């Protein structure tokens, strides 16, 4: 009787690890490309919501971290622009809720700056200051609707509300913003 030759097979574990590393590298490259394309837009929107570049950077990083955690699930079948806006707005709302008890009340209001010509940095600062005095939901509607130029339906989808809520919120927020900016020349 002759013995059958024994065949040894290589352990498939190193092959799986190598394939996993290649898959992770491709996933990381896709995510990096997304961050490069959308990072500035997200940070600008976050700044318009909170008026603090450092906090805006933190909110953007939190948004990107949340997206990276689920990147494998969302990268192919999801509108990444809309998804990132939604995650950012939820992050801003969460931060606002956590921080609302830690705001500092001043005894005296700061003096208003001199009114300057339209289109100047001072006008932008005045506009951002007035925007910050609006409720966070109204601010989100104005930022998404006017600063990012999205349709009513898109804003409704991002915020998870109906189109009529966006329309009413937009009208109310614009009226309040006009009241806050009363007497400040916005146009020539």
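Take the residues in the stretch 115-133 that are surrounded by 16 or more Cβ atoms within 10 Å (Cβ to Cβ) and more than 18 Å from the chain's Cα centre (by Cα); name whichever of them is modelled with the lowest pLDDT.
Here the answer is 123.
Return the residues of the stretch 151-160 that are free of Cβ contacts under 8 Å to residues at least 24 places away in the same chain and surrounded by 15 or more Cβ atoms within 10 Å (Cβ to Cβ); say none if nothing qualifies.
Result: 152, 155, 156.
Quick check on this structure: which one of 144, 134, 127 is touching a residue at least 12 places away in the same chain (Cβ under 8 Å), outside any helix (DSSP H, G or I) and outside the structural domain of residue 90 (by TED's automatic domain parsing)?
134
Which condition number does residue 76 fail, the rest of (1) part of a helix (DSSP H, G or I); (2) under 19 Å from residue 26 (Cα atoms) being met?
For residue 76, the failing item is (1).
Are any of the residues in the stretch 158-176 modelled with pLDDT of 85 or more and closer than 18 Å to residue 42 by Cα?
Yes: one or more hits.
Residues 30, 36: which one is modelled with pLDDT of 90 or more, more than 22 Å from residue 159 (Cα to Cα) and either touching a helix residue (DSSP H, G or I) at 6+ places or on another chain (Cβ under 8 Å) or in the same structural domain as residue 146 (by TED's automatic domain parsing) (or both)?
30
The values are calculated or read from the model by the stated rules, or taken from the named source; none is laboratory data. The shown structure was predicted, so the numbers you read here are calculated from the model rather than taken from an experiment. Here Cβ is always computed from backbone atoms with ideal geometry, including for glycine, and neighbour counts include all displayed protein chains.
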